[in-house]
1. Measure of size requested: the Rg and Dmax of region 104-156, with Cα atoms as the atom set and Å as the unit; please supply both.
2. Looking at the calculated P(r) for region 24-164, what percent of the C-alpha pair distances fall above 28 Å?
3. Translational diffusion coefficient of region 37-89 at 4 °C, 1.567 mPa s, Stokes-Einstein with Kirkwood Rh over Cα pairs, in µm²/s as a whole number.
4. If the cut-off is 21 Å between C-alpha atoms, which lysines fall inside it for Lys71, apart from same-chain ones fewer than 8 positions away?
Amino acid sequence: MSMSIAALLLVAAINNPAIDMDGYLRVANEAAAYRQSHRVTEGEFLRMSREPGTIILDARSREKFELLHIKGAMNLSFPDISIGTLDELLPDKNARILIYCNNNFKNEETAFPGKAARASLNLSTYIALYSYGYRNVYELGPLLDVHQTKLPLEGSLLLARDQQQSRSVRQPGEETIDREQRAHERDEQL
């Protein structure tokens, strides 16, 4: 009997009302079902991103975000998602929010290092936003090549590459089309 009391005391000593694993798992399962109808293609993501009031949210670290991100995206690093930051940065829980993560892009490991599929930042971000009451959240679904995507990208990595390319010697008659122009041309094809 004294073992049962000791076990109960130990459980009481480590109990933390600010951490709710059972509640998290319930919300995660609910969010997973809801998420199925909120995953979008590259074209849908691009179209939705152009509509007024739409927010593109990047939950990667500030360092990765500054290297390369979708043009116009807001950075709110996942560890910084809290009641206070959401109230400040995303006060309208009905606003359309588009999310993407490392696992949506390939061929740029510096800015988008791959994660295990079950540890994808999209999953954590979607569940977190859902937990805080955001229901108008859409997730970019496909894995895209950063060099082929129709989504306009910007960041210090591209700036450094553009500067390096502009220093390189070009052959006479060779056309130079900057990344913005290529993105614009791809947009017009949609």
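1. Rg and Dmax of region 104-156, Cα atoms, are 12.9, 35 Å.
2. Across region 24-164, Cα pairs with separations above 28 Å total 13 percent.
3. 105
4. Cα-Cα hits under 21 Å: Lys106, Lys150.
Values quoted throughout were computed directly from the atomic coordinates according to the rules given, and no laboratory measurement underlies them. A quick note: this is a predicted structure, and the numbers were derived from the prediction, not measured.
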